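Taking it in order: structure first as structure tokens, then the write-up.
The values are calculated or read from the model by the stated rules, or taken from the named source; none is laboratory data. Bear in mind that the values here come from a model prediction, so they are computed numbers and not experimental data. Virtual Cβ from ideal backbone geometry, glycine too; neighbours counted across all protein chains shown. These accessible areas exclude ligands, DNA and RNA; they are computed on the full protein's heavy atoms, side chains included. Shrake-Rupley method; radii C 1.70, N 1.55, O 1.52, S 1.80 Å.
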Amino acid sequence: MQIDLLQTELDKIIETSNNNITITDQDGIILRSNPNHWSIYGIEPDQYIGKSVYQLQEEGILSPSIHAMVLESKKPVQILQKTNTGRTVMATGFPVFSNSGEIIRAISYSQDQTEIFNLQEQYKDLEKKLVSYQNEVEELRGKESDYHGILYRSSSIEQIVRTIYRVSKTDASVLLLGPSGVGKSTFARMLHAQSSRKNDPFIEVDCSTIPETLFESEMFGYESGSFTGASKQGKQGLIEQAEQGTLFLDEIGELPLAMQAKLLRVLQEKKVMRIGGKKERQVDFRLITATNKNIEEMVEKEAFRLDLFYRINIIPLQIPPLKERREDIPILVQHYVQTINEKYSMSKKLHAVTYDILTQYNWPGNVRELENVIERVILTADEETIHPEHLPINFKNISLPVEAHATPEIEHGVFDDADWKTAIEKTEKSLLLRALERCKTTYEMADFLSLSQPSVVRKLKQYSIVRKG
């Protein structure tokens, strides 16, 4: 009686599961499975029980059979299957062992991923319509730099902006890839601002900054009294806060595996349950993710779920570092000098040599580093004009072409690292001598050189320059 009850319960669990479950014995004979599952493969329910997965594989119905692979390897396996009905299925299989270590069962869970792959095909179709969007994109380019801070001259960023404009009209998940500091969050905000959800929330979550112990309560929220210290009113999670809007998960490569599984369930079912809750809540949001890690390598090392990767990787966008789009550096330098001056009500400007150094630097920290350096020198320089000596020490090794603004005493060519200090000193001394010839007082010299009068006096003393007569 007890055995019959357990079998009834097991059958009901399999029948009502959101996943398609199939169980075979050690010989690959199908023992149990969801009735609706095999419609994906074009088989009626009475055609699979008692059948061998090896036979179904030979007939081309299972291509390949996840159970055959599990029974052969005796290890968990995850694959994509193509069915003869034109469907794409994500299948995960696990072995079951007896107490003596013999394999006695194989269990698989599978889900129809056709919708995801169809979205990818739609994206490819959108790519083919590039020409028809050209005029709209050019208009967008003129408007969006003011709203989203995306300033560029490079063709690589132009292509990304075009792609964002196209895919913003859909709800397809976008994965932003690239090293730290390239502005992935800025592109995410642009994508949201161009979408039909632009008037609803944009919720940004940095997955690397939330402790794993708090991640679930932050993402899913909790009901009143669900744990010690919980608010009496409960709390809405970040996923719920993104309702009708956009959820941006930055540094998703830092997401714990346990949370990856829970996020995947939310993406599949569009439902979320708070900690301590008994009722699932329907959610509707657009997902954007970003990472500076190689997610595909993480998948291979089982540090990131393959099924979640397919969910977030529908539209991947690779943001190149600044050193690979050097033509963008001058416009960014000018932009941040202007905006930081406005921010602090200042009017600092760059000396021509300083400007050249900044545009020749490789910027390993990308746009974020560029903005930080310019803000630092504007705030710390004691003169209105920012000279090379105001830059951080790591800028002194820049190999810099000598332009027309440099003193004639320096031969055309490049500054070697060892000659950097000497070259700067020669330039300063030459400019001081020129100013001395044209000006009657140190105040006039200060105005001519865009320096403060005390700085002129100090530099005249430094180079032992004395006015004659």
Legend entry - 259, 273, reordered so the largest accessible area comes first (probe 1.4 Å): 273, 259
Inset, instruction - Determine the per residue accessible area of segment 271-318 with all protein chains present and a 1.4 angstrom probe, expressed in square angstrom. - result: 52 Å²
Inset, instruction - Quantify, in whole percent, the carbon and sulfur part of the accessible surface of segment 256-313 (1.4 Å probe; protein heavy atoms only). - result: 45 percent
Legend entry - Spread of Cα-to-Cα distances over 10 Å intervals beginning at zero, given as percent, for segment 263-397: 10, 28, 19, 16, 18, 8, 1
Legend entry - Set 348/426; 293/349; 323/349; 396/429 screened for pairs whose C-alpha atoms are more than 27 Å apart: 293/349
Legend entry - Stretch gain in nm, segment residue 73-residue 344, where the contour uses 0.36 nm per residue and the Cα spacing is subtracted: 91.0 nm
Inset, instruction - Take 222, 443, 344 and sort them by solvent-accessible surface of the protein heavy atoms, 1.4 Å probe, largest at the top. - result: 443, 344, 222
Legend entry - Total formal charge among the other residues, if their Cβ is under 11 angstrom from that of residue 68, Lys/Arg +1 and Asp/Glu -1: -3
